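Chemist: This is the structure I want to talk about, given as structure tokens.
The values are calculated or read from the model by the stated rules, or taken from the named source; none is laboratory data. In this text, all values refer to a predicted model and were calculated from it rather than measured experimentally. Here the Cβ positions follow ideal geometry from the backbone for every residue, glycine too, while neighbour counts run over all protein chains shown.
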Amino acid sequence: MVVVIRSRIDHRLLLKDQKAMKRYAGFTLIELIITVAIAAIVLAIGIPSFKETILQNRLTTYTNQLIGALNLARSEAIKRGVRVTLCPSNGADCEAIGYEKGWIVFSDLNNNAKLDTANGEIIIRIFEKMPDGMTLTGNGNVDTYISYTGDGVSRLNGGAFQIGTLTLCKDGKARQIILSSPGRLRVETNPTSFSCPS
């Protein structure tokens, strides 16, 4: 009989403990408000720096895309043994529309920096336009085309070395791609001598 009583007592204690647990499960209103406030503060601090990270990442992505296109033009010129040109384009022909609208890489058999499919020139690759708000401009010798000869050197149509700077801008931030005399590229990430148009 003692065993039965003990079992009933244990069972009652177990029921009491379960009821107590049900009563205290969950969050209080104060705890919930504090948690939401902390989350809001963290987001308010984190979102502006995240936007800056996204902007820097976009600039890096499109800088690398243009460098990849220029390296493609140079390697194709060496491989084919002919002049290969990169020029601003919407996909059909070289146009003075700005590099941000897109560009093409093509074999330039007659050395005029214009796509002449009637003369057997072929498009090697078409690059799509950049997102709205981005600008990509070239100075001096690189504003309308960049051309590599069969020896991998960047040259103007007249034969002189082609050097210049391409500037990529978005929201006041800039990247400059500098083309040196043998056709090599380097990137300036935060140029102090240049400010983007606002």
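Chemist: Identify, by number, the condition in (1) of a type in the set (Gly, Ala, Ser); (2) over 30 Å from SER195 (Cβ atoms); (3) at pLDDT below 90 that GLY98 doesn't meet.
Modeler: Unmet for GLY98, out of (1) of a type in the set (Gly, Ala, Ser); (2) over 30 Å from SER195 (Cβ atoms); (3) at pLDDT below 90: (2).
Chemist: Another question, then. Being surrounded by 11 or more Cβ atoms within 10 Å (Cβ to Cβ), closer than 30 Å to LYS129 by Cβ and touching a Pro at 6+ places or on another chain (Cβ under 6 Å) is the requirement here; does ILE78 meet it?
Modeler: no
Chemist: Go through segment 75-88 and give me each residue that's more than 16 Å from GLU121 (Cβ to Cβ) and in contact with a Lys or Arg (Cβ under 9 Å, 6 or more places away or on another chain).
Modeler: Matches in segment 75-88: PRO88 only.
Chemist: Does LYS79 meet the test of being part of a helix (DSSP H, G or I) and more than 26 Å from LYS173 (Cβ to Cβ)?
Modeler: Against the criterion (part of a helix (DSSP H, G or I) and more than 26 Å from LYS173 (Cβ to Cβ)), LYS79 qualifies.
Chemist: Let me ask something else. With the requirement that a residue be touching a residue at least 12 places away in the same chain (Cβ under 8 Å), over 16 Å from SER75 (Cβ atoms) and among the hydroxyl-bearing types (Ser, Thr, Tyr), what does segment 115-157 give you?
Modeler: THR135, THR137, THR144, TYR145
Matching residues to (1) loosely packed, with under 14 Cβ neighbours inside 10 Å; (2) touching an Asp or Glu at 6+ places or on another chain (Cβ under 6 Å); (3) part of a strand (DSSP E or B):
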{"site": "PRO131", "(1), (2), (3)": "yes, no, no"}
{"site": "THR137", "(1), (2), (3)": "no, no, yes"}
{"site": "ASN141", "(1), (2), (3)": "no, no, no"}
{"site": "CYS169", "(1), (2), (3)": "no, no, yes"}
{"site": "GLN176", "(1), (2), (3)": "no, yes, yes"}
{"site": "ARG186", "(1), (2), (3)": "yes, no, yes"}
{"site": "CYS196", "(1), (2), (3)": "no, no, no"}
